[in-house]
1. Going through the range 124-166 one residue at a time, which ones are touching a Phe, Trp or Tyr at 6+ places or on another chain (Cβ under 8 Å), hydrophobic (A, V, I, L, M, F, W, C) and either modelled with pLDDT under 90 or in a helix (DSSP H, G or I) (or both)?
2. Out of everything in the range 332-348 that is part of a helix (DSSP H, G or I) and under 22 Å from the mean Cα position of the chain (by Cα), what residue ends up being surrounded by the fewest Cβ atoms within 10 Å (Cβ to Cβ)?
3. Run down Val112, Val101 and say which single residue is in a loop (DSSP other than H, G, I, E, B) and either assigned by TED's automatic domain parsing to the domain that holds Glu274 or hydrophobic (A, V, I, L, M, F, W, C) (or both).
4. Here are the criteria: (1) surrounded by fewer than 23 Cβ atoms within 10 Å (Cβ to Cβ); (2) at pLDDT below 95; (3) among the small types (Gly, Ala, Ser). Tell me which single one Ala329 does not satisfy.
5. Of everything in the range 210-229, what is farther than 27 Å from Gly262 by Cβ and either in a helix (DSSP H, G or I) or modelled with pLDDT of 95 or more (or both)? Give them in sequence order.
6. Of these, Glu359, Glu333, which one is charged (D, E, K, R) and in the same structural domain as Thr191 (by TED's automatic domain parsing)?
7. Out of all the residues in the range 27-71, which are modelled with pLDDT under 95, over 19 Å from Asp11 (Cβ atoms) and part of a helix (DSSP H, G or I)?
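The values are calculated or read from the model by the stated rules, or taken from the named source; none is laboratory data. Since the structure is predicted, the reported quantities are computational estimates derived from the model, not experimental observations. Cβ placement follows ideal geometry from the backbone for every residue including glycine, while neighbour counts extend to all protein chains displayed.
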Amino acid sequence: MRIALVISTFDIGGAQRVMSLMANYWAAQRHDVILVSLSPQSEDWFELHPLVKRVSLNLLSASAHLGHALFQNAMRVLRLRGELKNSSPDVVISFMDTTNVLTILASRGLGVPVIISERNDPYRHSMGSAWNILRSFLYRHADALVIQSAALRGWAGQIAGGGRVHIIPNPINPVQTNSVKQARCRGSVHTVVAMGRLVRQKGFDLLIKAFARCGRRHPEWRLVVLGEGEERSNLESLIVGMGLEDRVQLAGKVPCPSQTLGQADLFVLSSRFEGFPNALIEAMANKLAVISTDCPNGPRDIVRDGVDGLLVPPEDINALAEGMDRLMADSGERQRLGDSAVEVLERFSIGKIMGMWDELVVHTSRGRAPSGI
């Protein structure tokens, strides 16, 4: 098959990681895969299979005013349409809200089936009023809408029609499984790890405050946050203000996070909201005990509370600190949760998840997509 994948940027991020896994999986199966981004290729973070054709439209510059924004989006639609027309794929798969809208517009009249996928919580992640109106009108013209969590079933059914909606969670990166075999360091210093873009959504400010509360009772513990983003300066000021410079590290982008995860003792996801957090799956694949906020979408589909991790109310610093305190003090409980957590390798294996994508893509390309939820 000839499959076109469309995304805004191919920089570091959860949606980008999943799309890279999909592209590489299908290329290894000898499908003809084209990955198109609006961003320049110089910003790419993930490696692609040599057989994946990489196309960068380089049309992601900021708009100076409304007229400029309209012109730029028109150019994006036209350029993307031209690329889709030239490549003549059997199916187009688009990730993320605004890109989904542009892809539907670009593919109109080409006779190419389009699968779109939401990668965040549409109730909490705002596109802006104009984009919301376009989404509410255009999503029904997609052949299928993929969501990652059953919690979004009602919203997705209303905006796209229930028969077009399919739930497909994220797969675990096979590379992450390697670190499961590593011997975890059991020295005098213990590490809490968190991972994600340094943006307000991820709640790292809440995590730092929670660590400040419980960390006083556990001086041998430190916190390491992997990731980069616009909130770095605010988080650095918070760390200094709480006197945690020697115990909290913002480590930035890390090419191989599995090495850090493999040597950590505890993983915390502190997000205010999520789509389907890849970082949480990766931590559990590394046999780590995890604590996650029970935000509306994602974590509850991954963590079985009390079985392979702990769920705490979102934006509740006290509950987060209490959960961290409990697991910091109990190595046996961390071991028990970590032993169960590694089952994500089977629950979200790339073979299992890509089998779901294969079924949807094959049927959609033949003009008879399987009935959705």
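1. Selection gives Trp155, Ile159, Ala160.
2. Glu346
3. One residue alone meets the criteria, Val112.
4. (2)
5. Arg213
6. Values: Glu359 fails: in the same structural domain as Thr191 (by TED's automatic domain parsing).
Just one listed residue meets the conditions, Glu333.
7. Within the range 27-71, Leu66, Gly67, His68, Ala69, Leu70, Phe71 meet the criteria.
Results for (1) under 20 Å from Pro257 (Cβ atoms); (2) in contact (Cβ under 8 Å) with a residue 60 or more places away in the chain, shown as yes or no for each residue.
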| residue | (1), (2) |
| --- | --- |
| Ala283 | yes, yes |
| Leu288 | yes, yes |
| Ile291 | yes, no |
| Pro299 | yes, no |
| Arg304 | no, no |
| Val312 | no, no |
| Asn318 | no, yes |
